[in-house]
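First up is the structure itself, then whatever we jot down about it.
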Amino acid sequence: MTGDSRPSRTRTRTRTDDRRAVERILGRPLVQARPTGALPPGSRVTVVRDPDRDGPRQVEFLGTTDAMGAPEPNEHAQALSGELLYRVDFDTPQRDCDGPGSYRKAQIWGRYLRPEPDTERPDPVPGP
């Protein structure tokens, strides 16, 4: 995962607290049904910069897709058709391109995530 050395009980309490906080802000429960083709929770990803503008992050960095809630459709006017929003836990705290932060996790547009090779599904092993 992210190399978290806190006791399991503390990590669980933090995840529960995070979920409650996000649901309170959204005013609704988080979606749990995963869309077809979505990256699975626990996938290692690199959060990449937009090649056409300065951002949305200062640098590229590693993270892990979070299991707090399923990826959700990105309904922003500039979203790509079918683009998903993922919750990503960062390996190290990060700042936005404008400087705010530091953040330990964020909701990231799918176009800014590059799956790491170890998260790709291997070809099935042929049977005897």
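Results, tabulated for the structure shown:
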quantity: Net length gained if the chain between Arg104 and Thr36 were fully extended (0.36 nm per residue, minus Cα distance); calculated: 21.8 nm
quantity: Calculated FRET efficiency for the pair Thr46/Asp17, C-beta based, R₀ 25 Å, to 0.05; calculated: 0.35
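Read-outs throughout are calculated quantities, based only on the coordinates presented, and are distinct from any laboratory measurement. The structure presented is a predicted model; accordingly, all values stated were derived computationally and were not measured. FYI the Cβ positions are ideal-geometry reconstructions off the backbone, even for glycines, and counts take in every protein chain you see.
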